[in-house]
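The values are calculated or read from the model by the stated rules, or taken from the named source; none is laboratory data. As the structure is a prediction and not an experimental result, all values here were calculated from the model. Here the Cβ is made from the backbone with ideal geometry for all residues, glycine too, and neighbour counts use every protein chain on show.
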Amino acid sequence: MSTSISGLSNLIDTYKAEPEETGNTLARFLIKLLTHGAVKNKIVAAAGPEAHHISMSLNHLVEEVRQDAIATCLTKFRNPDFSVLTDAQSAKYVFNAVKHAAHALVDRHLGSKRADGKGRSKGLSNFPFKWHTEKADPTGYAAVTSAEADVVNSDPALVLVQSQIGAYLDSIQHSNEKLHLCMTLYLDGFTQTEIAAVIGVDERTIRNYFQKAKSAIANSQDF
């Protein structure tokens, strides 16, 4: 079941006014929003085919990315120049912070990509290792390997050309706001789990939205 984003912007607004009194409440909300699966998908997407070489257990890296993203968000939200957005826009900002944290931490643990785009600056081992130890971590290896499959199969109902989705979005902009938001987030790279969290519905509903869009595009001559 997804976590609703309802009230996120109000929490941010309150945090800007009284950061010392409301910081913990906002942080707990963000922790609940950033589920293990949502963070894991960002890590695997950032690592690409080298995900199984990550030099620490997946659970530890998920928590490191989550904490880094939350710290980034709290700092940004506290900035006097930051304008409080709608709940959906605020949630999108939070998930983008996770995406950037995942890329930064993957670069730290794998080494930045070389200028020629071939491999990374650090030598990669055949097995991942737990952080600060020399013991192989086959459990972490299996978890990251299976996570790759999760990303590949995250949205099985939707295989569409982006130009088709764009034309379809124009046609439903005012008639179906939730479906329009769902497809907009999909184009922005959000996973099924993240879209469900932003909209405040379960993942089955998101799959139904995807299937509805796919059918509408397939049956129309206009897209």
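Is region 166-181 home to any residue that is touching a residue at least 40 places away in the same chain (Cβ under 8 Å), aromatic (Phe, Trp, Tyr) and more than 18 Å from Lys42 (Cα to Cα)?
yes
I'd like to check which helices (runs of 4 or more DSSP H) are fully inside region 175-223 and have at least 2 residues that are out of contact with any Gly (no Cβ under 7 Å at 6 or more places or on another chain), among the aromatic types (Phe, Trp, Tyr) and over 15 Å from Ile5 (Cβ atoms).
203-218
State which residue is surrounded by the fewest Cβ atoms within 10 Å (Cβ to Cβ) when the search covers only region 12-51 and only residues that are part of a helix (DSSP H, G or I) and polar (S, T, N, Q).
Taking the candidates together, the pick is Asn24.
Is one or more of the residues making up region 62-84 farther than 23 Å from Gln192 by Cα, hydroxyl-bearing (Ser, Thr, Tyr) and assigned to a helix (DSSP H, G or I)?
The answer is yes; a qualifying residue exists.
Check whether at least one residue in region 127-150 is in the same structural domain as Phe29 (by TED's automatic domain parsing), polar (S, T, N, Q) and modelled with pLDDT of 75 or more, and report yes or no.
Within region 127-150 (the criterion being in the same structural domain as Phe29 (by TED's automatic domain parsing), polar (S, T, N, Q) and modelled with pLDDT of 75 or more), the answer is no, since none of the residues qualifies.
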